[in-house]
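Some notes on the structure that comes next.
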């Protein structure tokens with residue numbers, strides 16, 4: 001039982017440390033990953049500000065420090081946070097779901 005409690009304590013400490021080490025990606029970092037490219041094989045960010053998602057609506061995107069926002073042709077708007085731990089980038093949607101960003 002003590003081993004289980006110790007394992008859970010270590011796991012929680014590691015998880016909180018990983019989150020604490022993340023920071024918002026800079027505008028320049030996000031632009032380097034996204035502008036003029038297809039990210040994660042699905043999201044295409046045109047150099048002209050156009051956005052397409054495979055199988056989804058088209059729109060226009062804007063980038064600011066720590067976030068990328070898309071206004072779709074339907075009028076729906078979505079903003080996702082982009083964070084980094086210094087090695088990898090992660091997209092966090094409005095539901096708090098996390099996805100690798102830039103692979």
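Cα centroids of the stretch 80-101 and the stretch 30-73: 15 Å apart. Short-range pairs are left out: with C-alpha atoms under 8 Å and at least six residues apart, the relative contact order of the stretch 23-101 is 23 percent.
Rule-based calculations on the coordinates, nothing more; no lab input. Quantities reported herein were computed from a predicted structural model and do not represent experimental measurements.
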